[in-house]
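The values are calculated or read from the model by the stated rules, or taken from the named source; none is laboratory data. None of these values were measured; they are calculated from a predicted model. Here the Cβ is made from the backbone with ideal geometry for all residues, glycine too, and neighbour counts use every protein chain on show. Surface accessibility is based on the protein's heavy atoms, side chains included, excluding ligands, DNA and RNA. Shrake-Rupley method; radii C 1.70, N 1.55, O 1.52, S 1.80 Å.
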Amino acid sequence: MCQQLTQEMGVQEIQWDCGWGHRHFRGCLRSLTRLYKENAHKMDSLKGRTIIFTHHTGVSTQGQILLSSEDVPSEWLKILTSLGRYDTMLESIPPAEKCVSACLGGIRVTQRKDQAYVLVNPYHRQLKTLSTRLEKYRAQGSARNLGEKLQDLELAVEGYTGPLVLSEEGQFVLPAMRSLETLQEFIEGNQDDARNLLQQFYRKEAEENKLITECTKKFELASLVRDVCVSTDHMISCCRHLVDMTDTGALLQDTKLRISPYYAVMQDGDVCIPWNWYKL
């Protein structure tokens with residue numbers, strides 16, 4: 001059903017990423033099929049795009065079409081028939097990110113590493129607000145001259161108000177409406193910690209990917225993934241113990257293994273084991 005609908009709609013791919021089983025996925029595909037047949041003449045901008053069923057409805061900053069499995073199809077239709085408006089927002093994001101970067105020592109402006117999807121609509125407004133404020137601030141001669149010394153650091157814009165945060169992944173997470181002087185002081189004062197955390201994150205990410213590959217090969221798994229609530233550290237610990245196992249036989253051959261906080265067998269056949277299974 002998924003492949004047939006992909007061809008009919010002319011999209012590149014339809015993905016399922018919301019935690020429910022395949023039965024729920026098929027229900028969403030049937031709803032989308034009916035919606036497309038009734039409104040195909042309004043959906044002339046779908047070719048080559050990726051549709052993802054998830055927990056949000058909108059368009060991501062990567063251009064993916066996100067459809068919440070919990071929304072009624074009429075909410076999906078609003079997105080599917082207004083993609084041109086979202087394309088305009090997407091086109092304006094790189095220049096705004098470049099502006100923020102230029103005003104803040106060449107820092108890389110990106111999305112948070114712990115978020116799979118960022119909706120383009122609120123992100124576009126928040127980024128535009130911050131870039132406009134920074135441009136005016138610099139034009140007034142108030143901005144500090146940071147040169148290009150922050151090029152190896154990362155910044156994510158999130159919300160309008162709230163605390164200035166240095167995340168565990170080493171990213172500065174900054175709201176769009178905080179004092180610009182305070183913002184610059186926070187970045188300068190925490191840049192060394194940010195570098196250390198960012199380097200640590202990339203080392204852990206590389207180790208995690210290596211262990212996933214080793215486990216997948218050792219147990220001949222169909223796939224090995226982790227739930228969003230399972231941290232990189234916990235995944236690394238889990239995979240290390242899996243790699244060290246002996247006498248594994250072929251019990252997990254062709255299994256879709258998911259590392260989570262609990263034991264379970266999902267409707268779609270995924271086998272869930274807790275990340276700390278070796279302690280239980």
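Quick check on region 137-147. Is at least one of its residues open to solvent by less than 40 Å² (accessible area, probe 1.4 Å), under 26 Å from Gly63 (Cα atoms) and touching a residue at least 40 places away in the same chain (Cβ under 8 Å)?
no
Are any of the residues in region 73-94 open to solvent by 10 Å² or more (accessible area, probe 1.4 Å) and assigned to a loop (DSSP other than H, G, I, E, B)?
yes
Tell me, which residue of region 102-113 that is farther than 22 Å from Ile65 by Cβ and touching a residue at least 24 places away in the same chain (Cβ under 8 Å) is most open to solvent (accessible area, probe 1.4 Å)?
Arg108
Before we move on, is Leu66 among the aliphatic types (A, V, I, L, M) and not in a strand (DSSP E or B)?
no
Checking Gly21 against (1) under 28 Å from Asp270 (Cβ atoms); (2) open to solvent by 40 Å² or more (accessible area, probe 1.4 Å); (3) modelled with pLDDT under 90, only one condition comes out false. Which one?
The one condition Gly21 does not meet is (2).
Answer yes if at least one residue in region 138-155 is under 24 Å from Tyr86 (Cβ atoms), modelled with pLDDT of 95 or more and among the charged types (D, E, K, R), and no otherwise.
No: region 138-155 contains no residue that is under 24 Å from Tyr86 (Cβ atoms), modelled with pLDDT of 95 or more and among the charged types (D, E, K, R).
If you check every pair at least six apart or on different chains, which have Cβ atoms under 6 Å apart with a residue in region 252-277 that is farther than 19 Å from Lys218 by Cβ first and a residue that is open to solvent by less than 50 Å² (accessible area, probe 1.4 Å) and in a loop (DSSP other than H, G, I, E, B) second?
Pairs found: Ser260/Asp227; Met266/Gly21; Gln267/Gly21; Asp268/Gly21.
Would you pick out the residues in region 1-13 that are open to solvent by 60 Å² or more (accessible area, probe 1.4 Å) and either outside any helix (DSSP H, G or I) or in contact (Cβ under 8 Å) with a residue 24 or more places away in the chain (or both)?
Met1, Glu8, Gln12, Glu13, listed by residue number.
Residue-by-condition table, conditions (1) closer than 21 Å to Arg85 by Cα; (2) in a helix (DSSP H, G or I); (3) open to solvent by 20 Å² or more (accessible area, probe 1.4 Å); (4) in contact with a Leu (Cβ under 9 Å, 6 or more places away or on another chain):
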position	(1), (2), (3), (4)
Gln15	no, no, yes, no
Phe25	no, yes, yes, no
Cys28	no, yes, no, yes
Ser31	no, yes, yes, no
Leu35	yes, yes, no, yes
Asn39	yes, yes, no, yes
Gly48	yes, no, yes, no
